[in-house]
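The values are calculated or read from the model by the stated rules, or taken from the named source; none is laboratory data. Every value quoted in this text rests on a predicted model; they were computed, and no experiment measured them. Virtual Cβ from ideal backbone geometry, glycine too; neighbours counted across all protein chains shown. In case anyone asks, the SASA skips ligands and DNA or RNA and just uses the protein heavy atoms, side chains included. Shrake-Rupley method; radii C 1.70, N 1.55, O 1.52, S 1.80 Å.
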Amino acid sequence: MRSQSPTDLLTRLDRLGVSMLVSEFEDQRPAARERRAQVLSELLAAEHRKRGVFIGITGTPGAGKSTLLGELARRLLASDPELRVAVLAVDPSSHISGGALLGDRTRVRVDSREGRFYFRSQASQTQLGGLSPASFDVCRLLMHLYDCIFVETVGVGQSEVDIRFLADRVYLVMTPLGGDEVQFLKAGVMEIPDTVILNKSDAKQAARKAYHSLKASLQLARPFDGDRVEIFRTSCTSGEGLDDLAAHVHQRVVALGSGSDLASAAQRNHDREAYFYRRWVEREWGRQGKRYLEDSLGGAEQFLEESKGYDQAQTAFGERFIAALARC
């Protein structure tokens, strides 16, 4: 079956058409780069392309991230008839079998007839960082088709910070039984979020205690801005706090999306590409490749600019690095 034209999807969203394009962007083989570059070139030239905002959802396993995402997506779609919402959920892969149970879709409950909503699961493939190796490539596509892209990470911790460099806003989801101030600090997560969500707050007494512990942890971990991090208390059982949280997310999407200035949006995309390009070089070519990028090619930013694009830079790096190794 031939995939739908990328620009057709801007005027008429079709889940099958989007899924076929996403599959092409998940293909990490070198042969897929030319097609990715062509699709992005067409979308960038389109008059009505979106400038999607990435909302990172991270938190401990069992915090209710997927269920909360479903509630937020339904409220956002209901509140704004023009809004398009996508979810990219990363599930953990087994370190033994390599397989993954992509089960988050069952918890994100949005009307299947809603054409403005798209959901995709990805396996982490045991990669550190909290995302899949293909997550950034898929995000490069979705940002032109949707206004709001939720990216749900595997979990949270000191080794899972890629979301900080991908998302425009990071929401950390915790539960009232997540621990005291010391445990929050030991988990190494207080530096990550722009906003904290204390989910499952229908346990009132535990929620109050956890709220004050979180406030104290934020002030200890972030003495200069910890008091500015908002904490929302939510419950997907009672509905507590969900409308306020959805309104907060919508406000940020409007402010950072079409309402933001082009220069700021371009700078954010430039920074993202540089970070994930460095991650790609290290993953594909190891520490020696990373040193070659920094010492011989002037770093990710310079090489991306010289190569005229992310996909082109991947191909060019392989050619340059192999030639350099042959000369040694």
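Name the single residue, out of those in the stretch 298-309 being assigned to a loop (DSSP other than H, G, I, E, B) and open to solvent by less than 70 Å² (accessible area, probe 1.4 Å), that is modelled with the lowest pLDDT. The extreme case among them is Gly309.
In the stretch 277-297, the residue that is most open to solvent (accessible area, probe 1.4 Å) out of those that are of a type in the set (Ser, Thr, Tyr) and over 20 Å from Arg29 (Cα atoms) is Ser296.
Let's see how each residue does on (1) buried (at least 17 other Cβ atoms within 10 Å of the Cβ); (2) under 30 Å from Ser238 (Cα atoms); (3) at pLDDT below 90; (4) out of contact with any Pro (no Cβ under 8 Å at 6 or more places or on another chain):
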site	(1), (2), (3), (4)
Ser5	no, no, yes, yes
Arg12	no, no, yes, yes
Arg29	no, no, no, yes
Glu34	no, no, no, yes
Val39	yes, no, no, no
Glu42	no, no, no, no
Ala45	no, no, no, yes
His48	no, no, yes, yes
Gly56	yes, yes, no, yes
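Out of curiosity, is Asp295 more than 21 Å from the chain's Cα centre (by Cα) and either part of a helix (DSSP H, G or I) or farther than 22 Å from Ser41 by Cα (or both)? When the stated conditions are applied, Asp295 passes them.
For the stretch 310-328, residues that are open to solvent by 20 Å² or more (accessible area, probe 1.4 Å) and closer than 17 Å to Phe136 by Cβ total 2.
When the stretch 211-249 is limited to residues that are at pLDDT below 85 and among the hydrophobic types (A, V, I, L, M, F, W, C), the one that is most open to solvent (accessible area, probe 1.4 Å) turns out to be Phe224.
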